[in-house]
Amino acid sequence: MFGLNRQEWSWAWYDWANSAFATTVMAGLFPVFYKTYWHAGSPAEVSTFYLGLFNALASLLVALSAPFLGAIADALGRRKAALIIFASLGILSTCGLYLVAQGHWLLASLLYVTAIIGFSGSNIFYDSLLIFVSPKERRNRLSSVGFSLGYLGGGLLFAVNVWMIRDPAFFALADATQSVRVAFISVGVWWSVFLLPLIVWVREPACKEDPARGSTLLAGWRQVMTTLSAIRHLPEAFLFLLAYWLYIDGVDTIIRMAVDYGLSLGFSQNSLITALLITQFVGFPAALIFGKLGSKIGARPAILIGLVIYCGITLWGAFMRTETEFYGLAISVGLVQGGIQALSRALYSRLIPPDQASEFFGFYNLLGKFAAVLGPLMIGGITLLTQNPRIGIVSILVLFVAGGWLLTRVDIAKGEAMAHQ
């Protein structure tokens, strides 16, 4: 199916595995539970500010460590092992949310931060393995299949979680509160089970040298410095990273803050959760279609189409008044979100040296996560200052415009040639 082999499918299933966290926890239940259970009694603007703050903190920690971690994994040839370690951190932290009692918002925040570190850190090494599991001509397709599986898998588990919350008695649960807590456990189990194909069947080449264990940290640090120098000599990859840093800020911020934004506008929890489900199931075929579009017209033109749509989504979101409009926005986001992410990953893989994949994807994730530091802080801070969430959402429009413009300046053919010299 899709012309992929077993190793490629095993790699893609990790998107199915960890998207349960992105959907059920990060985008869906955590923002609601954080506001109504762990921050019960606090003004909506205050919980929004803290949610943005801790999202930013998690992203900052990942951003600062990403290149260093990537360099060590490249030096040891242990990208898959590093992925497993970070995934385990995310899984355990997510399951730990089950134990946090009402009102203990700080403990919930800290577990959420470590879960995001595990999720984001594992993605550094997952992205970097793309180069080793698939040839260049199939990467647009494989990256898109991965994201589409993520939408489908995350959506399926989230649908079950919503069912649990709306009918707890069917699952022998006491009430909706217990259902949400059990949902966090279900994410950890799902993430663990569907990590197994990658563990068993994905292979990575051994490192060229076998560094002594005592010198690994020093070698990693030296490799980071080497990569910083190398990026300066790969101007097209560097320019792409700047563009990506800007536009992915808007994408990540909408993913993380959409439900909180809807709650701040007074929309019901049920409507917001339904809208998120719509995004997931629209995103499944849309990511595949975007992959085909990228193969036909090129990754960059397809990404630019997605960014234009995101500009419209941002403006529409700032002025929307009804829950029906929120459903329309959910459909629109589902149409372009996965496509932009998948094609960005595939395009970047063509602009970097294959033997430094983890390290360069560390910088890729660094800029992406630094962007996610700014976006949630902008939304949370501006909302707190103005007492108007609509003003906060408008602030991210400039990121899509500036990022798209920089992307048009990247010479892809030149970048590919320089990366493979």
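The values are calculated or read from the model by the stated rules, or taken from the named source; none is laboratory data. Note that the coordinates shown come from a computational prediction; the quantities given were computed from them, not determined experimentally. All Cβ positions, glycine included, derive from the backbone under ideal geometry; neighbour counts span all protein chains shown. Accessible surface areas use protein heavy atoms only, side chains included; no ligands, DNA or RNA. Shrake-Rupley method; radii C 1.70, N 1.55, O 1.52, S 1.80 Å.
Here are the numbers for the structure shown:
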| read-out | value |
| --- | --- |
| Rough spin-label spacing in nm, given labels placed 7 Å along Cα→Cβ, for LEU196 and THR324 | 4.7 nm |
| GLU325, GLU236, ranked by accessible area, largest first (probe 1.4 Å) | GLU325, GLU236 |
| Added length on full extension, which subtracts the Cα-Cα distance from 0.36 nm per residue, SER229 to ALA417 | 65.9 nm |
| Which of SER179, ALA299, ILE391, positive extreme of dipole for the chain (C-beta unit charges) | ALA299 |
| Accessible surface ranking that places the most exposed of ARG409, ARG232, ARG300 first, with a 1.4 angstrom probe | ARG232, ARG409, ARG300 |
| Among PHE49, PHE132, PHE319: highest mean-square fluctuation, GNM of the chain, C-alpha pairs under 10 Å | PHE319 |
| Fraction of accessible area attributable to carbon and sulfur, the chain (%, probe 1.4 Å) | 68 percent |
| Label-point separation, GLN387 to VAL160 (7 Å along Cα→Cβ), nm | 4.5 nm |
| With Cα atoms, 0 to 90° folded angle of helix 44-76 axis to the chain main axis | 20 degrees |
| Calculated from backbone phi, Karplus (6.51, -1.76, 1.60) coupling profile of region 310-319 in Hz, x at Gly/Pro | 5, 4, x, 4, 4, 5, 4, x, 5, 10 |
| Positive dipole terminus of the chain, leading residue within ALA56, PHE119, GLN269 (C-beta point charges) | PHE119 |
| Cα-centred dipole magnitude for the chain, charges only on beta-carbon of K, R (+1) and D, E (-1), debye, nearest 20 | 580 debye |
| With DNA, RNA and ligands ignored, accessible area of GLU204 (1.4 Å probe; Å², nearest 10) | 50 Å² |
| Leading residue at positive end of dipole, region 60-173 (Cβ point charges), from LEU152, ALA73, TYR98 | ALA73 |
| Solvent exposure ordering (accessible area, 1.4 Å, most first) of ASP252, ASP411 | ASP411, ASP252 |
| Residue-averaged 222 nm ellipticity for the chain, from DSSP H runs of 4+ at -39500 (n - 2.57), nearest 500 | -27000 deg cm²/dmol |
| Rounded accessible area per residue of the chain, 1.4 Å, Å² | 38 Å² |
| Helix 79-96 axis, angle to the chain major axis (alpha carbon atoms, nearest 10°) | 10 degrees |
| Acute angle (nearest 10 degrees) that the helix 139-166 long axis makes with the longest principal axis of the chain, alpha-carbon atoms | 20 degrees |
| Accessible area of LEU288 in the full protein assembly, 1.4 Å probe (Å², nearest 10) | 40 Å² |
| Label-point separation in nm, ALA174 to ARG409, each point 7 Å along Cα→Cβ | 5.8 nm |
